[in-house]
Structures are given as C-alpha cells and as structure tokens.
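Asker: One structure, as structure tokens, below. Some questions next.
Just so it is clear, none of the values below were taken in a lab; they were calculated from the coordinates. These numbers come from a predicted model, not from an experiment. Here the Cβ positions follow ideal geometry from the backbone for every residue, glycine too, while neighbour counts run over all protein chains shown.
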Amino acid sequence: MTRDTIAIIPVAGVGTRLRPHTHTLPKVLLHVAGKPILAHILDDLPALGITRAVLIVGYMGELVREYVDEHYRHLHVDYVEQPERLGLGHAVSLAEPYAGDRPVLIILGDTIFEADLEGVLAGGENSIGVKAVADPHRFGIVETDGQGRVTRMVEKPEEPASDLAITGIYYFTRGRPLFEALAEIQRRDIRTRGEFQLTDAMQVLVAGGTVITTFPVQGWYDCGKTETLLETNRVLLDKRAQPVQIPGSVVHGPVLVAAGATVENCILGPHVSVAAGALLRNAVVRDSIVNENATVEDIMLESSVVGENAVVRGGFRRVNVGDSSEVFFT
Ligand code: UTP
C-alpha cells in the first residue's frame, strides 16, 4: 500500500501575501532554513517510500518545474497546469489522471510539517493532519465523534465546537472516491469563499459514510507570509542547524550558510539563513533570510528577507560629538 502512494502537491497559487518576493519567484522556491520551501517537502518523500509526485502548477510553474527537474531526478514527478486558480479542491482534482485509485498524500506546497507520516501511511485509514490551536475561529476546524472519526468540518467557525485545526496534510487510502467527491462539488457548484474547497469534498465523503480519522501534526510551519516565513526559519534553524564557524566573522548560532556564499567580517545570527552565491560583508544580520546571489554590505539588518540578486548596502555614520552630548540614531 505504502509503496503505491502518490504525493499531490498544489503549488499553483500566486503568493500575494509574500510580495514583493513572489513577483519574481514562485512562493515554493523561496528559501527558508537553508533550502526552498518545496525542497523541505520533497526531501521527506523517499523516507516514506513515496517515489511519485504530482505538482499542480500555475503561477510561474515553469520555474518550479525547472527547479524540481534539476534537483529531484530520483523522483518521478508529473506536472499539471491549473489554468485558473479555482481553489484547493479544484487543484487536487486535476491530479486524477495520474493518481487514479492509488493512495494519495496531499501536502500543501507552502507548509512544512512534522508528523508521523510513516505511521499514517501504514495505518491504512483516510486521515487528515490536525493540530490543537488557541484561536480556532481563524482556521478550518474538525469536529470528531470522540473516537477520532471526523463528523464535520467547518471553515472559520464563529463558535468553534473543537480546537482541532486542519493543517493542510491529508492521506486517502484510495484516490477514486476522493476524486468523485471533488467532481461532485464542482458539478453542484459548491463553493466556499468563491473557491472549490478540499474541505467541502471531504464533507461530501463524510456525509456519504466514508470514515476519515485525524492524526496529530507536531510541527506545522506556515510559510505564506513574511512573518511566518521568518518564524519558520527560526524554528527550523533551532532544530536543524549545525554549529558553524566562519573565519573573520562572529557567528551566534543557529545559522545556516550555504556552500558558495561569502561572509566577510560580519556578525551573524541568531537565526540567519544565507543561500548560495550571497555576499555578506561588514554587516550585522540577525533573524533574517538572505536569498541566492544577494548582496548585504555595511549594514545592520534584522527580521529581514532579502530577495535573489537584491543589493542592500548601508554606510557608516560620521560624527564629531562633544563631551556629555547624546546622539541617538533610530
Ligand atoms: P494559499 O491560498 O494559501 O496560497 O493556498 P496562495 O494563493 O499561493 O497565497 P496568497 O493567498 O495569494 O498569499 C495554499 C496552497 O494551495 C495552493 C497554493 O499554491 C498553496 O500552496 N493552491 C491554492 C493551488 O495550487 N490552487 C488553488 O486554486 C488554490
């Protein structure tokens, strides 16, 4: 069963909340903790015995394709174009020609997860990843019957009956019933907030008697906005970064500097991720992501994301201040 599983990864979205970075790069190729968001997802597949994936591409799909074809030759990846962004449910339905009736693992392309997926695949049940949250009215929420079976899913409930949020990772033991439910919501034009939602298709399945259970997601790292991207960077570096020493610079880990980046006379960290080809010189940088081939020079930066090929250059101040004076630069 596990061996047949195909991963469906929708990455067609425009990523408006991550502008300006997504003007030139698709969201999933933005770096976080040392590699593109999509790489964090794809790198976890082989350990699960998953060798096939379908990527639903749209906005700047060609760049996604180029990246994946170059770096993931060991995976069999098919691409489907989502011509119009009609919602997650619509995106997933486009994978049907490739997935057919196989078991499917759906993973949102802008979220990094930590969960016992091996256990989920071995469990042989339809199951969706959930996490208890303090503010359930902001999320899609799952209600269960007390024995872990989903009874209802509600988008952003005003009076939530549960605190279990739908995180964006779903396992279905068979593709066919899921694709039929997705076709049904499109046929009946069932939309939520104008889009065909995966949640609505699952609701159709549950109403028809299909058993869907939940599994706990320990790590749920959203990368959809600059603040959450930086937060994910912090959390993943805390967990995964190895100690780094850079001659001539001071490093306060955790910090991740890709091979091929140049760091000279800097104070780096904590929580800095520097991609290949970047140049950091005479700079103090903390809590930041510096993307490929960017230049950061003569400046202090924090909580910053510097895009590919961008140049951020400051300068040193000159003062001639008398005794007992006070000078504040803000
Ligand atoms: P989001 O709505 O969070 O992502 O969808 P987005 O559209 O890229 O970002 P914003 O809202 O404009 O900032 C979650 C995931 O589902 C995919 C997106 O690519 C993202 O990975 N998705 C969503 C699709 O592939 N197609 C859709 O029609 C909707």
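Asker: Helix-only mean residue ellipticity at 222 nm, the chain, DSSP H runs n ≥ 4 weighted -39,500 (n - 2.57), per residue, nearest 500. What is it?
Answerer: Helix contribution divided over all residues of the chain: -6500 deg cm²/dmol.
Asker: Something else now. Within the range 1-151, what percent of beta bridges assigned by DSSP are antiparallel, to the nearest 5?
Answerer: The answer is about 20 percent antiparallel.
Asker: Please identify the GluC sites (Glu not before Pro) of the range 107-213 that satisfy two criteria: DSSP loop assignment and at most 10 other Cβ atoms within 10 Å. Which are they?
Answerer: Of the GluC sites (Glu not before Pro), the ones in loops of the range 107-213 whose Cβ has at most 10 other Cβ atoms within 10 Å are 158.
Asker: Shifting gears a bit: Nearest 5 is fine: what % of DSSP beta bridges in the chain come out antiparallel, could you say?
Answerer: Here the antiparallel bridges make up roughly 35 percent for the chain.
Asker: Taking R0 as 45 Å, what FRET efficiency do you get between residue 133 and residue 328 from their Cβ-Cβ distance, rounded to the nearest 0.05?
Answerer: Plugging the Cβ-Cβ distance into 1/(1 + (r/R0)^6) gives 0.65.
Asker: Angle between the Cα long axis of helix 61-71 and the longest principal axis of the chain, 0 to 90 degrees, nearest 10?
Answerer: With rounding to tens, the tilt is 80 degrees.
Asker: For the pair residue 218 and residue 161, how long in nm is the line joining their label points, each one 7 Å along Cα→Cβ?
Answerer: My value for the distance between the label points is 3.1 nm.
Asker: Return the sequence-ordered ³J(HN,Hα) values of the range 137-146 in whole Hz as given by the Karplus equation 6.51 cos²θ - 1.76 cosθ + 1.60 applied to θ = phi - 60°, using x for Gly and Pro.
Answerer: 3J(HN,Hα) across the range 137-146, in whole Hz: 5, 8, 10, x, 10, 9, 9, 10, 8, x.
Asker: Quick check: Cα centre of the range 189-203 to Cα centre of the range 116-184, how many Å?
Answerer: Rounded to whole Å, the Cα centres lie 14 Å apart.
Asker: Can you find, among 104, 20, 175, the residue sitting farthest towards the positive end of the charge dipole of the chain, where Lys and Arg contribute +1 and Asp and Glu -1 at Cβ?
Answerer: With unit charges placed on the Cβ atoms, the residue in question is 20.
Asker: Now for a different question. Please work out the Kirkwood hydrodynamic radius for the chain, using every pair of different C-alpha atoms, and report it in angstroms with one decimal place.
Answerer: Result for the chain stands at 21.4 Å.
Asker: Compute the relative contact order of the chain as a whole-number percentage, counting only Cα pairs closer than 8 Å that sit 6 or more residues apart in sequence.
Answerer: In percent, rounded to a whole number, it is 15.
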